[in-house]
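Here's the structure, in structure tokens; my notes come after.
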Amino acid sequence: MLIAVAGGLGAVARYGTGLLVIRFVPEENFPWATFTVNMVGCLLFGIVFAAIEAATHWDPCTLARARMVLLTGFMGAFTTYSTYAFQSVLLIQDARWGLAVGNIAGQTIIGVLAIFAGLYVGKAVF
């Protein structure tokens, strides 16, 4: 049940973040909301993972539940990989090659770097 609640909260957070992004950055040429959500999601995933791993006073069962609720539930609903893939296909179908490559390469590279940054921040804080 907690995973479903966390998933619902993650979906609402994703929607709100997307609305905030498109309020400041128009999406006529590039899917900035999805890009931003996925990159923020990677950063948060790293921070949350590091925080959970640092919770040495928790028993293994509690750690596993925290991972499932926060990472699978909230972060799984917050990030939007399928939307990213679909928007990449649309860019390719529209022969917008540069934007398609930028979207695919950018989210892959920046996403990995954001995970590293999140782990670094999470380990430093927790």
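The values are calculated or read from the model by the stated rules, or taken from the named source; none is laboratory data. Keep in mind that what you see is a predicted model, and the values were worked out from it rather than measured. Here the Cβ is made from the backbone with ideal geometry for all residues, glycine too, and neighbour counts use every protein chain on show.
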Hey, does the range 114-122 have a residue that's within 14 Å of the chain's Cα centre (by Cα), modelled with pLDDT of 95 or more and buried (at least 20 other Cβ atoms within 10 Å of the Cβ)? yes
Let me confirm something: among VAL25, VAL48, which residue is in contact with a Leu (Cβ under 7 Å, 6 or more places away or on another chain) and modelled with pLDDT under 95? VAL48
Across (1) touching a residue at least 40 places away in the same chain (Cβ under 8 Å); (2) over 18 Å from VAL121 (Cα atoms); (3) not hydroxyl-bearing (Ser, Thr, Tyr), ALA55 clears everything bar (2)
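Considering only residues that are exposed (fewer than 15 other Cβ atoms within 10 Å of the Cβ) and not aliphatic (A, V, I, L, M), which ones fall in the range 103-112? Quick ask: steps written out before the conclusion?
The initial filter retains those residues of the range 103-112 that are exposed (fewer than 15 other Cβ atoms within 10 Å of the Cβ), namely 105, 108-109, 112.
Within the range 103-112, THR108 is the sole residue that qualifies.
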Selected residue (criterion: surrounded by the fewest Cβ atoms within 10 Å (Cβ to Cβ)) from residues of the range 80-97 that are at pLDDT 90 or above and of a type in the set (Val, Ile, Thr): VAL89
When you look at GLY41, is it under 25 Å from TYR120 (Cα atoms), small (Gly, Ala, Ser) and crowded, with 18+ Cβ neighbours inside 10 Å, yes or no? yes
Within the range 68-126, restricting to residues that are touching a residue at least 40 places away in the same chain (Cβ under 8 Å) and touching a Ser or Thr at 6+ places or on another chain (Cβ under 7 Å), the one that is nearest to ALA11 (Cα to Cα) is THR80
Selection within the range 27-47 - in contact with a helix residue (DSSP H, G or I) (Cβ under 8 Å, 6 or more places away or on another chain) and free of Cβ contacts under 8 Å to residues at least 12 places away in the same chain: GLU27, TRP32
Restricting to the range 72-113, name every residue that is under 15 Å from the mean Cα position of the chain (by Cα) and aromatic (Phe, Trp, Tyr). PHE74, PHE78, TYR81, TYR84
